[in-house]
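**Q** Below is a structure I'd like to ask you about.
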Amino acid sequence: MTDALVRDSHFLDDESGLFSEDLEGLLRSDQRIDRVHKVYISRSLKLSGVRAIGFDMDHTLALYKKRPIEELAFTATVRKLLARPGYPESVAAIEYDPAGCVRGLIVDKDKGNVLKLDKYNYVAVAYHGTRLLSHSDILKDYSEDVLRFDPNKHYSVDTLFSIPEVWLFIKLVDLIDGKKIPNKSYAQAFIDVRACIDEAHRDGSIKQKVVASPEQYFDEDPNLALTLHKFRMAGKRLFLLTNSALDYADVVLGFLLNGKLPKYPTWRDYFDLSILEAGKPSFYKRPDPAIPLDSAEPAVLFKGGNAQDLVARLGVSGDRILYFGDHTYDDILRTKRQFNWRTAMIVPGLAAEIKTNQKEGRLRTELFKLFQERDATYLKITKSYNNIAKARADKIHNFARKTQSDLARLDRRTRETFLEVIKLEKHLSDVMIKINVRNRDLFRRYNKYWGSEFSAGNEISRFAGQISDFACVYTGKVSNLLAYSPNKYFQKKRSVMPHEAEYAAH
Ligand SMILES: [Mg+2]
């Protein structure tokens, strides 16, 4: 639907900045927006009350092509690791697997395990290296059940930039177990991998390649420029708040925005303020002044600084500011908790997840029917046991009044019911086997190692829990907002307790 908008000449010719009422009316109908492009609501958000909208750059405005960027970071990290003592040539043979890690996982550095937790921090899936741990293995290692996060022992995958390093660590654990890397503990290997990928980001090993051919690493989004324009025309002040440096932003945002709309010759024209090298998360607490990077009066391009300073320059604060970011803590949690900004989380994996949900509809229906069959069988078994209990009570309480043939009939019926229960128990076990097989099948359709990024067993995953706890709204990309009014009221459905559910429907 949004692609059709780009071709709409009326939309592009809009000099006044006002969008046709017809078009707005069409767009306001949320039901017509494909689920893949929808904005999802964790907390109600009135865009009409928002005066300034900020954006992170990497993985938010600029969406990387998953495999190329991860492979680039992975290869650069492996190269740096091989230059360190103690890592054999066999490390160079490790192949990158983009399914090897997802957002929200926890690395247990000491044990060499990688864990997927549910919302309540119970371990749902765990690997030691590439070996899937059984439920009893999990209980052995995590007997407390709920994982208490300790930054000395654990590492949380909060940004998409961390995905390649975790896969490398997983493979190194295999090599350490196979005695191919002697004298290295799991924890040391993790420290080395972290240091190498940081170095690769810092010394330009990764950036130089991206800058040389941005088209290989970024998804071009024809609706991004239009979305920013639409916000501006609705009177919102826009700002950029990124940890990236100006030379990198010039290439990345230049590739995505320069020359896309006549009104905005370069990416800088879209933003009232741009903060580069912000140094999030210390940006939110340090007192350092911002350094102007341009000679405009007042300056609009800055390096570093701090959040109070940014708020003062914007002239609005608190819930009048909406910030788009992808980093669970640095973009979403801190801005919300510390400054009461409203938050919109960009979850690039959301589109693939929703497409899998849609594609696997048949399998999900099959599973749903199996669950119904399981519940119906449970009910039949319970009824049969009740009948047996009733027959026994009848025999005991009315023994004296019953004839021999009555008693024989009662015994025969009880025996038959027992045989029926045995059959039902067998059927139930067959259904449960089918459920397990289908569940495993469905799990793999999302990700062969980790299943759905958003669920963990019967619960939502830790990652999904973070999104619903910290982000006001979430969506796959910034330009999904184009299909909504810039003054849209994203209204959350009223939350209810399970005992209220039947009334909530009315
Ligand atoms: Mg980012």
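**Q** Within segment 196-207, work out how many residues are away from the ligand (no atom under 16 Å from the Cβ), touching a helix residue (DSSP H, G or I) at 6+ places or on another chain (Cβ under 8 Å) and of a type outside the set (S, T, N, Q).
**A** Residues flagged as away from the ligand (no atom under 16 Å from the Cβ), touching a helix residue (DSSP H, G or I) at 6+ places or on another chain (Cβ under 8 Å) and of a type outside the set (S, T, N, Q) within segment 196-207 amount to 3.
**Q** Another question, then. Could you look through segment 143-184, keep only residues that are assigned to a loop (DSSP other than H, G, I, E, B) and polar (S, T, N, Q), and pick out the one that is nearest to the ligand (Cβ to nearest atom)?
**A** Thr159
**Q** Could you tell me whether segment 67-75 includes any residue that is at pLDDT below 95, buried (at least 18 other Cβ atoms within 10 Å of the Cβ) and either out of contact with any Leu (no Cβ under 7 Å at 6 or more places or on another chain) or under 26 Å from Ala352 (Cα atoms) (or both)?
**A** The answer is no, given that none of the residues of segment 67-75 is at pLDDT below 95, buried (at least 18 other Cβ atoms within 10 Å of the Cβ) and either out of contact with any Leu (no Cβ under 7 Å at 6 or more places or on another chain) or under 26 Å from Ala352 (Cα atoms) (or both).
**Q** Follow-up. Quick one: which of Lys80, Lys140, Lys116, Lys111 is in a strand (DSSP E or B) and basic (Lys, Arg)?
**A** The match here is Lys116.
**Q** What pairs come out if I take residues in segment 317-346 that are at positive phi and pair them with residues that are within 16 Å of the ligand (Cβ to nearest atom) and in a loop (DSSP other than H, G, I, E, B) whose C-beta lies under 8 Å away, six or more apart or interchain?
**A** If the second residue must be within 16 Å of the ligand (Cβ to nearest atom) and in a loop (DSSP other than H, G, I, E, B), the pairs left are Gly318/Trp341.
**Q** Does Asp272 qualify as being more than 30 Å from Tyr484 (Cα to Cα) and of a type in the set (Asp, Glu)?
**A** No: the conditions fail for Asp272.
**Q** Further question: Within segment 26-41, identify whether any single residue is under 29 Å from the mean Cα position of the chain (by Cα), part of a helix (DSSP H, G or I), modelled with pLDDT of 95 or more and within 16 Å of the ligand (Cβ to nearest atom), and answer yes or no.
**A** For segment 26-41, residues under 29 Å from the mean Cα position of the chain (by Cα), part of a helix (DSSP H, G or I), modelled with pLDDT of 95 or more and within 16 Å of the ligand (Cβ to nearest atom): absent.
**Q** Since Val347 meets every condition but one in (1) over 13 Å from Leu241 (Cα atoms); (2) of a type in the set (A, V, I, L, M); (3) at pLDDT below 95; (4) within 16 Å of the ligand (Cβ to nearest atom), which condition does it not meet?
**A** Checking Val347 against (1) over 13 Å from Leu241 (Cα atoms); (2) of a type in the set (A, V, I, L, M); (3) at pLDDT below 95; (4) within 16 Å of the ligand (Cβ to nearest atom), the one that fails is (3).
Conditions (1) loosely packed, with under 12 Cβ neighbours inside 10 Å; (2) farther than 22 Å from Lys369 by Cα; (3) outside the structural domain of Glu373 (by TED's automatic domain parsing), marked per residue:
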| position | (1), (2), (3) |
| --- | --- |
| Tyr385 | no, yes, no |
| Phe399 | yes, yes, no |
| Lys402 | no, yes, no |
| Val431 | no, no, no |
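Residue by residue, here is whether (1) within 16 Å of the ligand (Cβ to nearest atom); (2) aliphatic (A, V, I, L, M); (3) surrounded by fewer than 19 Cβ atoms within 10 Å (Cβ to Cβ) holds:
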| site | (1), (2), (3) |
| --- | --- |
| Ile275 | yes, yes, no |
| Arg286 | no, no, yes |
| Ser295 | no, no, yes |
| Ala299 | no, yes, yes |
| Phe339 | no, no, yes |
| Thr343 | yes, no, no |
| Leu363 | no, yes, yes |
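**Q** Of the residues Asp330, Asp394, Asp319, Asp375, only one is acidic (Asp, Glu) and in contact with a strand residue (DSSP E or B) (Cβ under 8 Å, 6 or more places away or on another chain); which?
**A** Asp319
**Q** Here's a follow-up. It is to be established whether one or more residues within segment 233-251 are modelled with pLDDT under 95 and not β-branched (Val, Ile, Thr).
**A** no
**Q** Would you tally the residues in segment 83-108 being touching a residue at least 60 places away in the same chain (Cβ under 8 Å) and outside any helix (DSSP H, G or I)?
**A** 17
**Q** Checking the condition within 25 Å of Val316 (Cα to Cα), free of Cβ contacts under 8 Å to residues at least 40 places away in the same chain and among the basic types (Lys, Arg), which residue from Arg268, Arg237, Arg232 passes?
**A** Testing whether each residue is within 25 Å of Val316 (Cα to Cα), free of Cβ contacts under 8 Å to residues at least 40 places away in the same chain and among the basic types (Lys, Arg) leaves just Arg268.
**Q** All but one of (1) touching a helix residue (DSSP H, G or I) at 6+ places or on another chain (Cβ under 7 Å); (2) more than 16 Å from the ligand (Cβ to nearest atom) hold for Phe218; state the number of the condition that does not hold.
**A** (2)
**Q** Now, a different point. Can you tell me which residues in segment 457-506 are in contact with an Asp or Glu (Cβ under 7 Å, 6 or more places away or on another chain), in a helix (DSSP H, G or I) and closer than 30 Å to Asn436 by Cα?
**A** Hits for segment 457-506 are Arg462, Phe463.
**Q** Just to verify a result, which residue in segment 366-403, among those that are of a type in the set (A, V, I, L, M) and free of Cβ contacts under 8 Å to residues at least 40 places away in the same chain, is farthest from Thr414 (Cα to Cα)?
**A** The qualifying residue farthest from Thr414 (Cα to Cα) is Ala376.
**Q** Turning to a different aspect of this structure: Can you name the helices (runs of 4 or more DSSP H) wholly within segment 205-266 that have at least 1 residues being buried (at least 17 other Cβ atoms within 10 Å of the Cβ) and of a type in the set (Lys, Arg)?
**A** 207-212, 224-233
**Q** May I ask you to verify whether Phe149 is exposed (fewer than 14 other Cβ atoms within 10 Å of the Cβ), within 26 Å of the chain's Cα centre (by Cα) and in the same structural domain as Tyr120 (by TED's automatic domain parsing)?
**A** The answer is yes for Phe149.
The values are calculated or read from the model by the stated rules, or taken from the named source; none is laboratory data. These numbers come from a predicted model, not from an experiment. Cβ atoms come from the backbone with ideal geometry, glycine included; neighbour counts cover every protein chain shown.
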